[in-house]
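Notes follow once the structure below has been shown.
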Amino acid sequence: MRVIFSGVVAILVMISMIDQCLGQGYNRNYRSQQTVNRHSMNYQNAPGFVPGGGGGGGGVGMAAGGANIVGGLSHLQSATERRYTGGEMLKFMNLEQDPCADFYDYACGNWLQVQNMTDVQEGELITLPSLLERKVVHQLQRRLDNPAVNPHPVVNKFYRTCLSTNWNEEKLFIKRFVANYGGLPDIKDTWRERSYQWIEILARLKLDYNLDILIAFSTAPNTGRPVVREPSSTIMPAELCNAEASPQIDEEDDIFETIQMEIKEKLQLWFNFAEADATRLAGDIQRFEFDLCKFMRKDDILEVNNGNGEEVEEVETDVRVPLENPTNYGANKTPRRLGRSPQAHHFRRNQKLMELESNQKLINFVQLCMGQPQGQGRTDFEIHNPEYLQYLTSISGRKPSFANYIIYRALSEITLPQIDRKPYCVRKVMQVFPEYMGNLYQMTIPAQMREYVKQDVVSIFRDIKEAIPRSLRKNIDTLQISEPTYQVGGVEPNSYTAIKTNGNYWDILKSITISNALQQQALLTPGPQRGRQAQQAMLASNIVQAFDTHMASNEKTLQFGWGLLQPPFYSYNYPKSLKYSSLGYTIARVLIKHYIDEQFSPDKSHQPFTSSHFDDLLSQQRECFRSQVSSYFFNTPEVFRNASQLKDFMADSTALSIAFVAYNNWLDKQDVGNADLKFETLPKMNFSNTQLFFVNFAQMRCADRYSKEPAAEPSQCCPLDLHTPERLNINGPLSNDEEFGLDFNCPIGADMNLADKCSILESDFRRNF
């Protein structure tokens, strides 16, 4: 299902494609100029504050155009605001830590200690986006609770029904749901094995509740062609449920016992099963998924060639997401030689695709999801993850297992929690009415401030675009930014009247889902045949979540969720050193990640940022990054093979460098005598402006898991226990960045200033900078 709350603002960045690289070369004397600036532009805080400075730091400055924007809103923080911002940043820090040894501990050492842990679950990962999301939920909860502020009767009815539904009503719904969606073998008078059609059940659940169980269905945004693939979510965590890790897992491991216990408890709650029956069914559900996991996420396993013409199947190991009982499954596993050529592998893959495209079960599934009668609709569709789908269709005879699994997964998604109901209901409203809730949220932000923020984002985007190296600027130079829009997708408000509100919570939810599906289908209909409602709606693939930033499906727009544009991530009058290390970095990462994804894609026919020279550099540096991450997690360069995590790491490191270049390019344009420059540092923080840039970058990525028990001291025999994804997200990009090492005077070879750095940016770009 689509997740929560589409952002109020989707900043549209229009791309017009060109045929040749644009842009001028970077100033080859930039390094020497910045070295001078490090000594001559050590800006201090305003009079009366503790000086910020000392150590390295590039020049700084304020935006061209004066100290104030028309209307009287200052782009500079007041003395009180500056004290508060600096004080909040210092709260997170552990200044006793050596920044050249572990910057994560230095910048985020007190991250959890200063957070409000009310309603936080054991083991929950606390990040800045999660804190911002919780803040928005609380704001919207107050508005939804006030009928005068939440006037729409459909939205209000859905929210009130979600809150008021009691357990007796839910039990009645569960009974009817099981009977309506195929039944269960262990529930009397609901099961008819001979007539059971699991593929039809999956399609109905997709249409009625937008559930992607066992098979995910979507439509290609540019062609409207149906796409079927493996589901993105599973009961088992992704690091265990994949084609490489699953065959290596011992089913007696503690994690299996924990998952089976959770399944059993839900089955007993829903159906009053006896202990033995619930345990047996829980085991069947878990084993059924475990068998599927052995064929899942194969696209996330890197492929390399061993130089002898033989393909080596890369091993995807534990992606290092901490578990209650973490185990490095496959940590000592090495690549397997398959003894076959890449050509033979691709031939067999294409053969599987052809077989699946004519598979009647999948054809029926697509037709049902498109709302077409079986045998009368379209039969063409795209297939992703063919090995998984081939295995799934080959076990069609396991009908009882299909029924148990499907009902369990569906009820897990749509039943209501018995505790913390109100935040759940707010998030559900955000999910199914994203446009309405987006507009409701924007009412909390003064109109004048929204205009200032939009201008600010445009300015920072322009500077990031100019900082992209020439090897990537073939189409970047023509990026333009349009006026933001508040039409952010979901069910178009004018069509709310079609939603039936005279039933229970699930009846209304089903009506909303069907209404949205009809709009999506209309959007994918050729232009003259579209309905009036579809003209105002937006493709689901183009909806930007409130705390997300991504390239739109047409690859011509960069969409930015409004939920991020609030403290501590962003404030209009923050110093530029903070803005570029948060907002600027985020924009740069979207652009770079999009390019890297295209290069890793099996289908490279469409690459908007194509540059053959850069492609070669990317291929060379991919192995450098992979070995670096593998050594970090497993103390050996041969093990790590997870493509998704590798792409993220490469994008993180590259975007940090580009954001820093953009900041320094911007400050280079400023007059050194500008009195506003002293506001680039913060009181109480003894850091130069560029040091502050790196501290803020780290703090925007602080993350740690909540535990009631104090964290154990790391064992000297197991130093890798500290090497978590959260720590790598900060230390990894910074240790690859030359400027960070200079600013914090880290000796070459220190943990935070690697001697052998990895970078997909050309050497000329790095040397000139």
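Taking the residues in region 239-254 that are in contact (Cβ under 8 Å) with a residue 40 or more places away in the chain and more than 17 Å from L292 (Cβ to Cβ) as candidates, determine which candidate is surrounded by the fewest Cβ atoms within 10 Å (Cβ to Cβ).
My answer is D254.
Among the residues of region 480-515 satisfying the criterion of being assigned to a helix (DSSP H, G or I) and open to solvent by less than 10 Å² (accessible area, probe 1.4 Å), which is modelled with the lowest pLDDT?
Among residues in region 480-515 that are assigned to a helix (DSSP H, G or I) and open to solvent by less than 10 Å² (accessible area, probe 1.4 Å), the one modelled with the lowest pLDDT is S495.
Any chance region 619-641 includes a residue that's in contact with a Lys or Arg (Cβ under 7 Å, 6 or more places away or on another chain), farther than 28 Å from P434 by Cβ, at pLDDT 60 or above and in a helix (DSSP H, G or I)?
Yes, region 619-641 contains at least one residue that is in contact with a Lys or Arg (Cβ under 7 Å, 6 or more places away or on another chain), farther than 28 Å from P434 by Cβ, at pLDDT 60 or above and in a helix (DSSP H, G or I).
Identify all residues within region 177-202 that are closer than 17 Å to E413 by Cα, free of Cβ contacts under 8 Å to residues at least 12 places away in the same chain and in a loop (DSSP other than H, G, I, E, B); write none if there are none.
None; the set is empty.
Pairs under 8 Å by beta carbon, first residue of a type in the set (S, T, N, Q) and at pLDDT 95 or above in region 262-276, partner assigned to a helix (DSSP H, G or I) and open to solvent by less than 40 Å² (accessible area, probe 1.4 Å), six or more apart or different chains?
As it stands, the answer is Q268/A278, since those pairs meet every condition given.
Listed residues S232, S164, S195; which is in contact with a strand residue (DSSP E or B) (Cβ under 8 Å, 6 or more places away or on another chain), of a type in the set (S, T, Y) and surrounded by fewer than 20 Cβ atoms within 10 Å (Cβ to Cβ)?
Answer to the selection: S232.
Could you tell me whether region 540-562 includes any residue that is part of a helix (DSSP H, G or I), farther than 30 Å from A675 by Cα and modelled with pLDDT of 60 or more?
Checked against the condition, which is being part of a helix (DSSP H, G or I), farther than 30 Å from A675 by Cα and modelled with pLDDT of 60 or more, region 540-562 yields at least one hit.
When you scan region 657-666, do you find a residue that is surrounded by fewer than 24 Cβ atoms within 10 Å (Cβ to Cβ), among the hydrophobic types (A, V, I, L, M, F, W, C) and either touching a strand residue (DSSP E or B) at 6+ places or on another chain (Cβ under 8 Å) or at pLDDT 90 or above (or both), even just one?
No, that holds for no residue.
How many residues are in a helix (DSSP H, G or I) and more than 27 Å from the chain's Cα centre (by Cα) when one looks only at region 227-262?
6
Of the conditions (1) open to solvent by 10 Å² or more (accessible area, probe 1.4 Å); (2) touching a Pro at 6+ places or on another chain (Cβ under 9 Å), N689 fails just one. Which one is it?
Going through (1) open to solvent by 10 Å² or more (accessible area, probe 1.4 Å); (2) touching a Pro at 6+ places or on another chain (Cβ under 9 Å) one by one, N689 breaks only (1).
Is it the case, given these coordinates, that I174 is open to solvent by less than 60 Å² (accessible area, probe 1.4 Å), in contact (Cβ under 8 Å) with a residue 40 or more places away in the chain, assigned to a loop (DSSP other than H, G, I, E, B) and closer than 25 Å to T234 by Cβ?
For I174, the condition - open to solvent by less than 60 Å² (accessible area, probe 1.4 Å), in contact (Cβ under 8 Å) with a residue 40 or more places away in the chain, assigned to a loop (DSSP other than H, G, I, E, B) and closer than 25 Å to T234 by Cβ - is not met.
Output yes when any residue across region 704-714 is open to solvent by 10 Å² or more (accessible area, probe 1.4 Å) and in contact with a Cys (Cβ under 8 Å, 6 or more places away or on another chain), and no when none is.
yes
When region 214-229 is examined, which residues are found to be surrounded by fewer than 20 Cβ atoms within 10 Å (Cβ to Cβ) and at positive phi?
G224
Is there a residue being out of contact with any Phe, Trp or Tyr (no Cβ under 9 Å at 6 or more places or on another chain) and β-branched (V, I, T) anywhere in region 257-267?
Yes, that holds for at least one residue.
Quick one: in region 181-203, which of the residues that are out of contact with any Phe, Trp or Tyr (no Cβ under 9 Å at 6 or more places or on another chain) and among the hydroxyl-bearing types (S, T, Y) is nearest to S218 (Cα to Cα)?
Top of the filtered list is Y181.
I need the full set of residues from region 131-155 which are touching a residue at least 60 places away in the same chain (Cβ under 8 Å), of a type in the set (A, V, I, L, M) and loosely packed, with under 14 Cβ neighbours inside 10 Å, in order please.
Selection gives V149 alone.
Of everything in region 199-211, what is open to solvent by 20 Å² or more (accessible area, probe 1.4 Å) and either β-branched (V, I, T) or more than 16 Å from L509 (Cβ to Cβ) (or both)? Give them in sequence order.
The one that is open to solvent by 20 Å² or more (accessible area, probe 1.4 Å) and either β-branched (V, I, T) or more than 16 Å from L509 (Cβ to Cβ) (or both): E200.
The values are calculated or read from the model by the stated rules, or taken from the named source; none is laboratory data. Everything quoted here is computed from the prediction, not taken from an experiment. Here the Cβ is made from the backbone with ideal geometry for all residues, glycine too, and neighbour counts use every protein chain on show. Each accessible area value is taken on the protein alone, full model and side chains, heavy atoms only, with ligands, DNA and RNA left out. Shrake-Rupley method; radii C 1.70, N 1.55, O 1.52, S 1.80 Å.
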